[in-house]
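Everything on this sheet refers to the single structure shown next.
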Amino acid sequence: MTNLQKQIMVNGIEYNLCGDYYVPNIVLEQHDDRTLGKYGMMRRAYLKANKPILYNQLVLTDKLFDHLYEIDESAHSRIDEIMDFELMWDKEIPDKKTDPMGWVQYMNMIKAQAEEIVFNELVFN
């Protein structure tokens, strides 16, 4: 039976003895309680499936959720910007009071187009 130290310090990292192995004593920082939105979750799934090196780097440096929150916020603001631009220049908008279904269809079409642009610019890039 060997006499091992309960804690050791190697290259500035503290290790604790667990059984026969030394395990690094790593504590993650607490993040705020913001919920990750649709575009942030899509970005995480894309990074995990298609860019695993970048995903692992963000995880290991504890920057993943900051990156995902930034993408989510940027995507929402970009969609609002694109939709406002389309509404400002298009003269063929159905009237909401006389043709509510046409108006909803038109708004859904603009949002789908804006989301497609955001997917290509931010989420899947």
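The values are calculated or read from the model by the stated rules, or taken from the named source; none is laboratory data. Every value quoted in this text rests on a predicted model; they were computed, and no experiment measured them. Counting neighbours? That spans all protein chains shown, and the Cβs are built from the backbone with ideal geometry, glycine included. Quick note on the areas: whole protein, heavy atoms, side chains included, nothing else; ligands and nucleic acids left out. Shrake-Rupley method; radii C 1.70, N 1.55, O 1.52, S 1.80 Å.
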Could you list, in sequence order, the residues of the stretch 61-113 that are of a type in the set (Asp, Glu) and assigned to a helix (DSSP H, G or I)?
-> Asp66, Glu70, Asp72, Glu73, Asp80, Glu81, Asp84, Glu86
Which number in (1) basic (Lys, Arg); (2) surrounded by 14 or more Cβ atoms within 10 Å (Cβ to Cβ); (3) more than 32 Å from the chain's Cα centre (by Cα) marks the one condition that Lys6 misses?
-> (2)
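For every residue, the table says whether it meets (1) more than 25 Å from Glu116 (Cβ to Cβ); (2) touching a residue at least 12 places away in the same chain (Cβ under 8 Å); (3) aromatic (Phe, Trp, Tyr); (4) exposed (fewer than 10 other Cβ atoms within 10 Å of the Cβ).
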| residue | (1), (2), (3), (4) |
| --- | --- |
| Ile13 | yes, yes, no, no |
| Gly19 | yes, no, no, yes |
| Gly37 | no, yes, no, no |
| Gly40 | no, yes, no, no |
| Ala49 | no, no, no, yes |
| Pro52 | yes, no, no, no |
| Gln57 | yes, no, no, no |
| Asp62 | yes, yes, no, no |
Provide a single number: the residues in the stretch 51-96 that are of a type in the set (Asp, Glu), over 22 Å from Glu121 (Cβ atoms) and out of contact with any Asp or Glu (no Cβ under 8 Å at 6 or more places or on another chain).
-> 2
Out of Asn56, Asn3, which single residue is out of contact with any helix residue (DSSP H, G or I) (no Cβ under 7 Å at 6 or more places or on another chain) and part of a loop (DSSP other than H, G, I, E, B)?
-> Asn3
Restricting attention to the stretch 64-79, which residues are surrounded by fewer than 15 Cβ atoms within 10 Å (Cβ to Cβ) and at pLDDT 95 or above?
-> Glu70, Glu73, Ser77
Identify all residues within the stretch 91-107 that are among the aliphatic types (A, V, I, L, M) and open to solvent by 100 Å² or more (accessible area, probe 1.4 Å); write none if there are none.
-> Met101
Sole exception among (1) outside any helix (DSSP H, G or I); (2) open to solvent by less than 70 Å² (accessible area, probe 1.4 Å) for Asp33, by number = (2)
